[in-house]
Amino acid sequence: MTDELLIKFLLKETSEEETTAIEKWLAADPANLSAFLELEKIWESSQLLAPKSPVNEETAWLNFKEKLSQKEKAETMPGHQVLQLKRNYNWIKVAAVFILAIGAWVAYEVLTPEKYMDLAANQEVIIQKLPDGSEVTLNKKSALSYASDFKTDRSVRLDSGEVFFKVAPDKSHPFVIKVDQISVKVVGTSFNVKHKNQQTEVIVETGIVKVSLKGETINLVAGERVLINASSGKLQKEQNQDQLYSYYRTRIFVLNNTPLPKFTEVLNQAYDAQIKLDPALKNLTLTTTLKLSEPLDYNLDIICQALNLTHSSNGKEILLSNRK
């Protein structure tokens, strides 16, 4: 990036293409910001040395531009030496770069008023301690972020996936989780939050959890759950019927009259599989306990024996259907 182009940008004389190029350059490398901050010191020093003048700054600058234009025309004539702009106007260069740096910094602060730390689980379940002593267990393919100053600002954003929270008690600093427009607020408790396919599920294991959406708030106690659809946007709590939600922590599938479509969805996530159900099976339920440590085929055999089903594979998908 040339000094001349930066000065043009400062004077708002750059073309749309040049402006885009400068903006990309500013965002391309954090080292640029470091260089700007170093130049800040130079700029502040130049302000202290700059003489006070009653002359109108805008008029003076316009006159200066006119003289600069005349001088450049004269220097292009035969017998005149052409000098680099940055040699003649180093002070202007410093001012331009400094203003650009401050502008970039202000834009960054406006766009990201709060700093958050990212935490994600890809193909493995991960357990992480947060700075306040709380513990989170992220299921595979889950991502969240938490405030960098977490001991005083215990706020978390769940972007996607499923997380079990074991919150350290701190009455003076409530623990708040944001999931789209949903807010989950606690002091010290343990609960599971799942956000997938525009649905958010909260299941409380211990303590009390306050769930809010669009001005409506409900309290959940141990053994209760709420399932929120993005389309309906209603908060309606109910008793949780099984412990299936905890499989990625306990490595055990605990089913109690669990709908087969729901369990199939969990199996697909747990084994990275593509199990499909024959539509005739959508109303079937299952009560049993299976181990995640067992191969998928083994668990499918047990399901088929219990429900008189069969499973077949085409290499990519597994189909569960009634036994003929």
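Every number in this text was worked out from the coordinates using simple rules, so none of it is lab data. This one's a predicted model, so the numbers in the text were calculated from it and none came from an experiment. Counting neighbours? That spans all protein chains shown, and the Cβs are built from the backbone with ideal geometry, glycine included.
If you place +1 on the Cβ of every Lys and Arg and -1 on the Cβ of every Asp and Glu, how big does the dipole about the Cα centre of region 244-322 come out, in debye to the nearest 20?
Details: 7 positive and 7 negative charges, 48 e Å.
Taking the Cα centre of region 244-322 as origin, the dipole is about 220 debye.
Using DSSP, restrict attention to beta bridges with both residues in region 116-239 and report what percent are antiparallel, rounded to the nearest 5. The antiparallel fraction comes to roughly 95 percent.
How big is the Rg/Rh ratio for region 116-239, C-alpha atoms only, Rh by Kirkwood, two decimals? Mind dumping the intermediate values first?
Details: Rg = 13.4 Å, Rh = 14.3 Å.
That ratio equals 0.93.
The Cα-based radius of gyration of region 160-311, divided by its Kirkwood radius, gives an Rg/Rh of 1.01.
The packing ranking, built from the mean of other Cβ atoms within 10 Å per residue, places the peptides 158-170, 242-254 in the order 158-170, 242-254, highest first. Exposure proxy for Asp272, Asp132: other Cβ atoms within 10 Å of each Cβ, ordered fewest to most, give Asp272, Asp132.
Of the three principal axes defined by the Cα atoms of region 244-322, the extents in descending order read 30, 26, 18 Å. Placing a label point 7 Å from the Cα of Gln236 along the Cα-to-Cβ direction, none of the residues of region 258-280 has a backbone N under 12 Å of that point.
Note on Thr310 and Asn257: with the Förster distance fixed at 25 Å, the Cβ-Cβ geometry gives a FRET efficiency of about 0.65.
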